[in-house]
Amino acid sequence: MRFVRETELFLTQPAVLRNYARREPRPSREANVYNRIAEQYSLLLAQTGWEERTVFADEPCACIHELDSPIQPGQLPAHFVCCYASHPLTEKINAALYMLKQLNLAGTQPVSFSDAGWLSPLIALHWADAVQQAACVVCMEQLTPYRDRQLAASGAYPLAEALALACITPDIGDWRICGYAIEQQSAEESSRGPDALVQKAVQLAKEMLSAGRASAAHTIVVPQMVDEPFVSGMRHAFPKTFLKRQAVNQGTADLWYALAELQLAKTGKSEILLVYADRKHGTGCMLLRKENAR
């Protein structure tokens, strides 16, 4: 699937969780079962490169109440969308339903997206664009001791747990979503090396800027923290590139964490291009324009 599409949706400023407290993953029955299955079936998994403070004190879904909710009183969203690439090995019955209850969203329809990996937030946006109803979107990553070998290429940044919450609506928000683009890839395409993903991402980003009538000279490009070759390639193609302070990949939430840092940096730029990338699934973009009214 490949497309570049304009839209007229809005995004609230994402709320992100930063209370990292551990170096190692939390023990749980689900994690132990997962590890035993991985060993028994010789799954192609690689050790996760732990760095200091990349894991929350509690399961990410259990921390949802710590975020500032973007939901306005009396304006419940029609949908609650949960995006993740790493399956949450939670001891809750279901992570999405647990968070739905914690946010007091009774009557809101839950849905989850994970099959597109780190591109899942764009699939959620595509879905919200189709239904044209307000959606509360949470991007969550929960780490295990292993990761897919294809995502553990040379130069890959360490993974970190993540929890980010925002609303996508048809009428109001801190950012206007001017357009979005997705280019998914096959297993054969994903094995072509790091340069192929960079080339695809650069080309798609240029097409998105053109479709959104935005200039590369006046737009801040924010790339996913996939690995050193990808980030270097994006910086070479787009001089106005913004990178997070910490070189970790927060999966589906990575660019919302970057957007939160960018908001604090107060660059004065009103147009932002978020560039998603996943070596297994492809690349995508989201073009944002700051709403001056809020």
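The values are calculated or read from the model by the stated rules, or taken from the named source; none is laboratory data. Fair warning: this is a prediction, and the values are worked out from it, not measured in the lab. So basically every Cβ, Gly included, is an ideal-geometry build from the backbone, and we count neighbours across all protein chains shown.
Name the helices (runs of 4 or more DSSP H) wholly inside the stretch 181-256 in which the number of residues that are in the same structural domain as Val275 (by TED's automatic domain parsing) and under 30 Å from Leu67 (Cα atoms) is 1 or more. So the answer is 228-237. Annotation: of all residues in the stretch 14-24 being modelled with pLDDT under 95 and not acidic (Asp, Glu), the one that is nearest to Cys139 (Cα to Cα) is Arg18.
The set of residues in the stretch 171-188 that are within 21 Å of Cys285 (Cβ to Cβ) and either among the β-branched types (Val, Ile, Thr) or free of Cβ contacts under 8 Å to residues at least 24 places away in the same chain (or both) comprises Ile177, Ile182, Ser186. Note on the stretch 155-170: residues that are charged (D, E, K, R) and either assigned by TED's automatic domain parsing to the domain that holds Val231 or at pLDDT 95 or above (or both) amount to 0. A single member of Lys206, Lys200 is over 18 Å from the mean Cα position of the chain (by Cα) and under 12 Å from Asp278 (Cα atoms), and it is Lys200.
Residues are listed down the side, and each one gets a yes or a no for (1) of a type in the set (Ser, Thr, Tyr); (2) outside the structural domain of Gly179 (by TED's automatic domain parsing); (3) assigned to a loop (DSSP other than H, G, I, E, B); (4) surrounded by fewer than 23 Cβ atoms within 10 Å (Cβ to Cβ):
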{"residue": "Glu91", "(1), (2), (3), (4)": "no, yes, yes, yes"}
{"residue": "Tyr98", "(1), (2), (3), (4)": "yes, yes, no, yes"}
{"residue": "Ser112", "(1), (2), (3), (4)": "yes, yes, no, yes"}
{"residue": "Asp115", "(1), (2), (3), (4)": "no, yes, yes, yes"}
{"residue": "His126", "(1), (2), (3), (4)": "no, yes, no, yes"}
